[in-house]
Structure formats: structure tokens, C-alpha cells
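Engineer: Handing you a structure now.
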Amino acid sequence: MPTSRRENRVLETYARALIEAAKSEGRVFPDRRALDAIAEASPEVLAVIKTMVERDQLDLLPQVADAYRQMVDEDGDVVGVTITTAVPLEDDLREEIRAQYEADLGCQVFLIERVDPAILGGVIVEARGERRDASVRTQLRAAREALDVANLTSEREAAHAGND
């Protein structure tokens with residue numbers, strides 16, 4: 001929390017600048033998620049980003065993130081497992097997931113947690129280039145596709161029976 005009026009004005013100035021820029025680009029909520037991620041970033045991540053800004057290479061950040069992810073995944077000692085859920089994980093579930101994947105993969109695991117309310121429920125897990133999607137959104141999509149196929153089959157059968 002700000003400790004002085006001056007500090008409060010500085011914080012408000014930065015926040016207002018971000019809001020106005022985000023509104024002009026229609027990115028208020030995506031920018032909020034990005035800012036939250038940066039606010040939680042480690043000092044080494046911030047140092048690399050600072051260097052990239054100074055060298056006018058910030059446009060390379062997505063490729064750096066991909067290369068980093070790949071290098072970490074190839075490191076046999078540690079595997080990053082991305083867990084996407086509709087709501088934040090509770091501590092006991094987080095530890096249960098970590099322990100399960102450490103046993104399954106036979107190495108140390110660090111979790112990369114993402115929250116995406118659009119998946120509705122369930123979980124999406126990504127590790128070592130493999131993706132397992134057990135989200136409610138995907139299950140509903142699969143059910144909808146199955147119903148569409150069943151309806152199409154019924155319509156064809158009805159049309160075929162009408163031609164007999």
C-alpha cells in the first residue's frame with residue numbers, strides 16, 4: 001500500500017496510463033492478466049525483460065518464452081507441468097498434483113498454474129509437449145459433436161426410410 005500522498009499519486013499515474021492505453025487497444029482484461037503475471041515475476045525474469053527493452057528486442061519475448069520452455073522441458077532433472085483450471089488451485093490439491101506428476105515422470109516437477117474461467121471446470125495439463133484436456137468445455141464440445149453426428153445420422157435414416 002502507498003505510504004504517502006506522493007507515492008499514491010505516482011501509483012495512480014501509472015495505473016491510469018495503463019488503463020487508458022489498454023482501453024484504446026480494447027485490451028483491458030488481457031493487459032490486467034499480463035500485468036498480474038509481471039507483478040509476480042521473479043527478479044531474473046524482470047532483469048531479462050529490462051535488457052530486452054533496452055535493446056529494443058521486446059518483440060522477441062514470445063520466442064524467448066518458447067525457447068525457455070523447450071529448454072526446461074529437455075532438462076531431464078526438472079519438468080514444467082502447466083496446469084490450467086477454471087479457478088485457482090488450493091494448496092493441498094497443488095501438492096497432490098505435483099507429487100503425482102513427479103511419480104509419473106520420475107523427476108522433479110514445477111507447476112505452471114494458469115486460471116482460465118472459460119474452461120468452466122476440470123483441468124488441462126501440458127508436460128513434455130503432450131496435452132491432456134479434461135476440461136468441462138472440451139467435454140461439452142465433444143458431447144455437442146456427438147449429438148450433431150447422431151442427429152445427422154437420424155436425419156439420413158429418416159430420409160432414407162422416406163425414399164423406400
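Engineer: Work out how much length residue 120 to residue 142 would gain on full extension: take 0.36 nm times their residue separation and subtract the Cα-Cα distance, in nm to one decimal.
Structural biologist: Result for the pair: 6.5 nm of gain on full extension.
Engineer: Turning to a different aspect of this structure: Which order do you get for 24, 42 if you rank them by accessible area with a 1.4 Å probe, largest at the top? Don't skip to the end; give the middle numbers.
Structural biologist: On the way: 24 85, 42 35 Å².
Output order, biggest surface exposure first: 24, 42.
Engineer: Taking a probe of 1.4 angstrom, what is the accessible area of residue 49 in Å², to the nearest 10?
Structural biologist: 40
Engineer: Right, another one. Name the residue from 138, 13, 51 whose Cα lies farthest towards the positive end of the charge dipole of the chain, charges +1 on Cβ of Lys and Arg and -1 on Cβ of Asp and Glu.
Structural biologist: Value: 13.
Engineer: For the pair residue 10/residue 90, report the inter-label distance in nm, with labels modelled 7 Å from Cα in the Cβ direction.
Structural biologist: Taking the simple label geometry, residue 10 and residue 90 are separated by 4.0 nm.
Engineer: While we're looking at this one, here's another question. Once each part is reduced to its C-alpha centroid, what is the distance from region 1-64 to region 93-131 in angstrom?
Structural biologist: Taking the Cα centre of each part, region 1-64 and region 93-131 sit 27 Å apart.
Engineer: Hey, another quick one. What is the Cα coordinate range of the chain on the first, second and third principal axes, sorted by size from largest, in whole angstrom?
Structural biologist: Computed over the chain, the largest-to-smallest principal extents equal 84, 46, 35 Å.
Engineer: Ranked by accessible surface with a 1.4 Å probe, highest first, in what order do 71, 52 come? The partial results should precede the final answer.
Structural biologist: Values: 71 130, 52 15 Å².
The ordering from most to least exposed comes out as 71, 52.
Engineer: Calculate, in nm to one decimal, what residue 29 and residue 47 gain on full extension: separation in residues at 0.36 nm each, minus their alpha carbon distance.
Structural biologist: Using 0.36 nm per residue and subtracting the Cα-Cα distance, I get 4.0 nm.
Engineer: Could you order 5, 16 so the one with the most accessible surface comes first? Probe is 1.4 Å.
Structural biologist: On the way: 5 195, 16 130 Å².
Per-residue accessible area, sorted high to low, gives 5, 16.
Engineer: Just subtract the alpha-carbon distance of residue 72 and residue 113 from 0.36 nm times their residue separation and send over the number in nm, one decimal.
Structural biologist: Stretched fully, the residue 72-residue 113 segment lengthens by 13.2 nm.
Engineer: Further, regarding this structure: Need one value: the accessible area of residue 31 in square angstrom, 1.4 angstrom probe, rounded to the nearest 10.
Structural biologist: The accessible area of residue 31 comes to roughly 50 Å².
The values are calculated or read from the model by the stated rules, or taken from the named source; none is laboratory data. What you are looking at is a predicted structure, and each value in this text was computed from that prediction instead of being measured. Cβ atoms come from the backbone with ideal geometry, glycine included; neighbour counts cover every protein chain shown. Each accessible area value is taken on the protein alone, full model and side chains, heavy atoms only, with ligands, DNA and RNA left out. Shrake-Rupley method; radii C 1.70, N 1.55, O 1.52, S 1.80 Å.
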